[in-house]
Amino acid sequence: MIDLEPDEEQVEIAALARSIADELVAPSARDAEYAAAVPDDVWLKVFETGLVMPVAEEHGGGGVPGPLALLAIAENLGHGDPGIASAALWHAHAALLVGAHGTAEQRSALTRLATDPGARSAVALYEGFGRGPAELATSVAVEGDQVRVRGRKVGVPFAASADPLVVVGTDPATGAVRAVVLPHGTAGVTVVANPGSLALDATQLGAVDLDVTVPVSALLGGPDADPAGLLATVQRLRLLTASTAVGTALRAVEYAGQYATGRIAFGRPIASYQGVSFPLAEAMMRIEAARAELVDVTNAVVADPGGDHGTAVGQAVSYALAVAVQATRDGVQTLGGHGFIKDHPVELWYRSAATLSALDFDPLRDPFQARL
Amino acid sequence: MSYSFTLSRPLQDYARTLREWSTTECRPYARQADEQKGRPENWREILDTAPIPLGRADKPELGQVPTFEDGDWITKLAFYEAINYGDVWVHPTLGGGIGDLVVKALGTPKQVAEWYDPIQQRGGATAFALTEPGFGSDTSMVATTAVRDNDSWVVNGSKMYCTGGAFAEYVVVFATVDKELGARGINAFVVPRGTPGFNVVKENEDKLGIRSWTTSLLEFDDCAIPLENRLGWDVDHPENSVGNGYGGALGALAFNRPNMAALAIGLAQASIDVVTPILKGQQAGFTPQRWSAVERDLEAMNATLERGRRINYLAQVTVDRGRPSRSLAAAAKGFAPETAERVIRRCIELLGPEGVSKELLLEKWYRDSKIMDIFEGSGQVQRIIVGRTLVGGLAG
Ligand SMILES: Cc1cc2nc3c(=O)[nH]c(=O)nc-3n(C[C@H](O)[C@H](O)[C@H](O)COP(=O)(O)OP(=O)(O)OC[C@H]3O[C@@H](n4cnc5c(N)ncnc54)[C@H](O)[C@@H]3O)c2cc1C
């Protein structure tokens, strides 16, 4: 049955995330960018809300929000600032994976993540080449009581410091998705120096080369982990990142709309020109469509973790990111020359959305269209 | 050959040499220019390595850009694309600017001889100050005033986003002599650098891109200039005056629009040419279907840049023939810049997360390209101009 009423948890969590985003995250966006790190006090306060550390109470956390509540957190924090939001959420992704699929021993290590605001963890997922999680080339091969991990990961948050770094790959013997939990400093993890990126500096993105041999106990969920369940959660991580971009897109459109009502040209507020209001309206329409798709596909993944959701997730992610890229672009355009200088945040959103879209891009889903 | 979009061999050769030079000698300084928000200190030595004349303001003896049978404005298109293909920092170091174009469009013969001809002969930096904090697109909103006080015009007001404003030898400032007259009261004044009351409030804005370009905030505080510095106005022989020039100023700008489109094409072509070999080297990492999609994207992007070049040629041939089309110039500027943004972004996406790294220049060119669809008439404004050829003043 169709039921478009979010439940109480979803509503409350979304509202809390939005208020944190407005009061704390948005005002710190530039500081986080210049410092290439989330300022400690901001991190601490976001951390204390419990929104971004989805860890069960038995491991010292505040509980794991439901899948749609998580989507709402991602969107609303992304509405505040995509850089700080991504830093916090990508740290949370590791806890989400370990909490859902880890062995008892792995899960007990979550206590540190749940209680130490200084901790930074990450999931090394993306490889470029348009690869979805079922096609990852990073191999996680079980060899007796050891596991060997080889490959190259790109767009890895906290690449140089993540502890643990959860690496997602595939088992060359079965083709199934596997992950390993690597403590910081594991031999064979080589961080490729990154001089910085177009945006999202606070997430400290980098590439990581892996040639690691660790005991099988490092395998997420152990040798008998359920690959289908793991794949489903990994797909949800992609949807969460796309949701962050949707939040940023919405903020850009709201900001631009607000500006357009006050800026006068040719005797009228520029909002009264269709050349200004239509691109923003297009963005609003598509943001609604993108958010609905993320919710729908998340539900499908949760309802049937064993199902094949690759196409649906790929479509949802690709669409949401393309919408965010265009909406943030139109945000800059709406402000004209003023959108091009750092006195306004639209340029930051423009860079951030493009960065997110490069992370999870598949040329098969979104062919380059020459404008007619 | 009639009806051909092929440039003459000599111009092709010149452009290729310029492009190769800007790539090998200038591009290595692109990151530094972006970070330092200015040209590299050794820019003169870098320019000295050019195997062809560039039309340098600081060393006119090295020669101007040659004349080609294709026409001066077509030559400019090839020049803008080729020099910016290396990186955007190079071009402004040659001097230039657009203030002199306004002098040419609006000035009396005497004014043209004084302020335009020398710049053409020896080069030199000039600036154009129309935009103010309160307006950009709607140029009828000029709030800066020029009031006659015996033998001088006294200018008051502030000008924003003036390219090269902080160091140009003169700035062409738009001010109203009588607010009651509306647009007809707006005039252009040549204000030389160093005139008392001409203050540089902020030398350079903190920008998304083209950070090495100087984008100045200027203030005119009881800035007195000679009467003869009002363009188009002959103080001794008013009958020789050529008009206030408000429309003319925009007309002068219109010719420069396709140059900005060519600049955007240069950046986009550079991006495609940087990613293509990298992607080819990584071909094994793609599935065959995805590799086909990558090749198709590269092909589509190259084809669309060619479309942008052709519209540019269509527009500038009309200028070279003395019958400039504002509509074609607007079409050219409306087409390529937005397309270039999308091309550069796609180049980044095809590389994945490594495409956004500062290791490469793609992220910089993506930032640089965005302004091309905003300044010198935004994309929307270009569409209004094109629309007017179809439906007249109703478009807007
Ligand atoms: C790096 C840089 C360099 C520059 N160099 C110079 C320079 O050298 N000299 C100079 O004088 N100026 C310069 N400019 C200013 C530039 O030309 C203006 O920013 C531009 O004209 C847009 O004006 P605006 O920023 O005030 O935007 P606005 O005019 O406020 O426009 C805001 C938005 O409204 C849209 N809009 C406005 N009217 C309409 C309409 N009727 N229908 C549909 N949409 C509409 C615009 O397209 C834009 O998207 C520069 C700007 C920058 C950022």
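The values are calculated or read from the model by the stated rules, or taken from the named source; none is laboratory data. Please read all numbers here as calculations on a predicted model, not as lab measurements. As a convention, Cβ positions derive from the backbone with ideal geometry for all residues, glycine included, and neighbour counts pool all protein chains shown. For accessibility, only protein heavy atoms count, side chains too; no ligands or nucleic acids. Shrake-Rupley method; radii C 1.70, N 1.55, O 1.52, S 1.80 Å.
Here are the numbers:
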{"quantity": "In segment A:264-273, the residues that are near the ligand (Cβ under 7 Å from one of its atoms) and either open to solvent by 40 Å² or more (accessible area, probe 1.4 Å) or touching a Leu at 6+ places or on another chain (Cβ under 7 Å) (or both)", "calculated": "A:Phe266"}
{"quantity": "Where A:Pro27 falls short, out of the listed (1) in contact (Cβ under 8 Å) with a residue 40 or more places away in the chain; (2) at negative phi; (3) out of contact with any Asp or Glu (no Cβ under 8 Å at 6 or more places or on another chain); (4) surrounded by fewer than 18 Cβ atoms within 10 Å (Cβ to Cβ)", "calculated": "(1)"}
{"quantity": "Matching residues, segment A:352-364, being among the charged types (D, E, K, R) and at the interface with chain B (Cβ under 7 Å from one of its Cβ atoms)", "calculated": "none"}
{"quantity": "All strands (runs of 3 or more DSSP E) inside segment B:164-227 with 2 or more residues being buried (at least 21 other Cβ atoms within 10 Å of the Cβ), among the β-branched types (Val, Ile, Thr) and within 13 Å of the ligand (Cβ to nearest atom)", "calculated": "B:170-176"}
{"quantity": "Residue ranges of helices (runs of 4 or more DSSP H) in segment A:64-141 with at least 3 members among the small types (Gly, Ala, Ser) and in contact (Cβ under 8 Å) with a residue 60 or more places away in the chain", "calculated": "A:67-80, A:82-101"}
{"quantity": "Unmet criterion (only one of (1) at pLDDT 95 or above; (2) part of a helix (DSSP H, G or I)) for A:Glu9", "calculated": "(1)"}
{"quantity": "The one condition in (1) under 26 Å from the mean Cα position of the chain (by Cα); (2) free of Cβ contacts under 8 Å to residues at least 40 places away in the same chain that B:Phe220 fails to fulfil", "calculated": "(2)"}
{"quantity": "In segment A:325-354, the residues that are in contact with a Pro (Cβ under 7 Å, 6 or more places away or on another chain) and of a type in the set (D, E, K, R)", "calculated": "A:Asp330"}
{"quantity": "Residue within segment B:105-123 that is within 12 Å of the ligand (Cβ to nearest atom), of a type in the set (Phe, Trp, Tyr) and in contact (Cβ under 8 Å) with a residue 40 or more places away in the chain present", "calculated": "no"}
{"quantity": "Of residues in segment B:136-163 being near the ligand (Cβ under 9 Å from one of its atoms) and polar (S, T, N, Q), the one surrounded by the most Cβ atoms within 10 Å (Cβ to Cβ)", "calculated": "B:Thr163"}
{"quantity": "Test for A:Val11: is it of a type outside the set (Ser, Thr, Tyr) and within 15 Å of A:Thr244 (Cα to Cα)", "calculated": "no"}
{"quantity": "Enumeration of residues in segment A:236-263 that are under 18 Å from the mean Cα position of the chain (by Cα), farther than 16 Å from A:Ala353 by Cβ and open to solvent by 10 Å² or more (accessible area, probe 1.4 Å)", "calculated": "A:Arg236"}
{"quantity": "Selection count where residues are open to solvent by less than 20 Å² (accessible area, probe 1.4 Å) and not in a helix (DSSP H, G or I), scope segment B:1-18", "calculated": "1"}
{"quantity": "Selected residue (criterion: farthest from the chain's Cα centre (by Cα)) from residues of segment B:274-321 that are basic (Lys, Arg) and open to solvent by 60 Å² or more (accessible area, probe 1.4 Å)", "calculated": "B:Lys280"}
{"quantity": "Matching entry among B:Ile371, B:Ile384 (being surrounded by fewer than 22 Cβ atoms within 10 Å (Cβ to Cβ) and farther than 12 Å from A:Thr355 by Cα)", "calculated": "B:Ile384"}
{"quantity": "Residue check, B:Leu62 more than 30 Å from B:Asp234 (Cβ to Cβ), more than 14 Å from every other protein chain (Cβ to nearest Cβ), touching a residue at least 24 places away in the same chain (Cβ under 8 Å) and away from the ligand (no atom under 16 Å from the Cβ)", "calculated": "no"}
{"quantity": "1 or more residues more than 9 Å from chain A (Cβ to nearest Cβ) and farther than 30 Å from A:Gly155 by Cα: qualifying helices (runs of 4 or more DSSP H) within segment B:300-396", "calculated": "B:326-351, B:379-391"}
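Residue-wise test of (1) within 15 Å of B:Ile265 (Cα to Cα); (2) at pLDDT below 95; (3) within 16 Å of the ligand (Cβ to nearest atom).
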{"position": "B:Asn312", "(1), (2), (3)": "yes, no, no"}
{"position": "B:Glu338", "(1), (2), (3)": "yes, no, yes"}
{"position": "B:Arg346", "(1), (2), (3)": "yes, no, no"}
{"position": "B:Gly352", "(1), (2), (3)": "no, no, no"}
{"position": "B:Gly355", "(1), (2), (3)": "no, no, no"}
{"position": "B:Leu361", "(1), (2), (3)": "no, no, no"}
{"position": "B:Tyr366", "(1), (2), (3)": "yes, no, yes"}
{"position": "B:Met372", "(1), (2), (3)": "yes, no, yes"}
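Table: residues versus (1) away from the ligand (no atom under 14 Å from the Cβ); (2) closer than 22 Å to B:Val381 by Cβ; (3) more than 8 Å from chain B (Cβ to nearest Cβ); (4) surrounded by fewer than 20 Cβ atoms within 10 Å (Cβ to Cβ).
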{"residue": "A:Val313", "(1), (2), (3), (4)": "yes, no, yes, no"}
{"residue": "A:Gly339", "(1), (2), (3), (4)": "no, yes, no, no"}
{"residue": "A:Lys342", "(1), (2), (3), (4)": "no, no, no, yes"}
{"residue": "A:Val346", "(1), (2), (3), (4)": "no, yes, yes, no"}
{"residue": "A:Trp349", "(1), (2), (3), (4)": "yes, no, yes, no"}
